[in-house]
Amino acid sequence: MARTRITKDEALSFLLTYIVVEQSTELQVDQFTLFNLNSLAQQASEMINSEDGIIAHEIIEELAHQFLETQEAPK
């Protein structure tokens, strides 16, 4: 049985922390944005838990960058 390295909730927490704190990005959190972030967190946790040797923060940071590229919020 495979061990879960990261939950979706943990991935979402890291994702939000990375976007808001480390990237100093203001987020307007509406239903659509929250849905997208939740989906990214699910995707991140699945990717991280699917293989050994994956560095969790690199996956989450890459997904965060993809998310930020689609946003039109000023920095």
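The values are calculated or read from the model by the stated rules, or taken from the named source; none is laboratory data. Quantities reported herein were computed from a predicted structural model and do not represent experimental measurements. These accessible areas exclude ligands, DNA and RNA; they are computed on the full protein's heavy atoms, side chains included. Shrake-Rupley method; radii C 1.70, N 1.55, O 1.52, S 1.80 Å.
For region 1-18: of the residues being open to solvent by less than 40 Å² (accessible area, probe 1.4 Å) and modelled with pLDDT of 95 or more, which is nearest to Met47 (Cα to Cα)? It would help to see each step written out before you state the result.
Here is the first cut: in region 1-18, the ones open to solvent by less than 40 Å² (accessible area, probe 1.4 Å) are 6, 11-12, 15, 18.
When the remaining residues are screened for being modelled with pLDDT of 95 or more, the result is 11-12, 15, 18.
Numbers: Ala11: 11, Leu12: 14, Leu15: 14, Tyr18: 18 Å.
Filtering region 1-18 for residues that are open to solvent by less than 40 Å² (accessible area, probe 1.4 Å) and modelled with pLDDT of 95 or more, the one nearest to Met47 (Cα to Cα) comes out as Ala11.
Does region 39-70 hold any residues that are over 14 Å from Tyr18 (Cα atoms) and open to solvent by less than 60 Å² (accessible area, probe 1.4 Å), and which are they?
Passing the criteria: Ser39, Ser45, Ile48, Asn49, Ile54.
Does Glu46 satisfy the condition of being acidic (Asp, Glu) and modelled with pLDDT of 95 or more?
Numbers: acidic (Asp, Glu): yes; modelled with pLDDT of 95 or more: yes.
Criteria met by Glu46.
Could you please find all residues in region 1-57 being in a loop (DSSP other than H, G, I, E, B) and among the hydroxyl-bearing types (Ser, Thr, Tyr)?
Residues of region 1-57 in a loop (DSSP other than H, G, I, E, B): 1-7, 23-30, 51-55.
Hits for region 1-57 are Thr4, Thr7, Ser24, Thr25.
Can Glu69 be described as part of a helix (DSSP H, G or I) and modelled with pLDDT under 95?
On the way: part of a helix (DSSP H, G or I): yes; modelled with pLDDT under 95: yes.
When the stated conditions are applied, Glu69 passes them.
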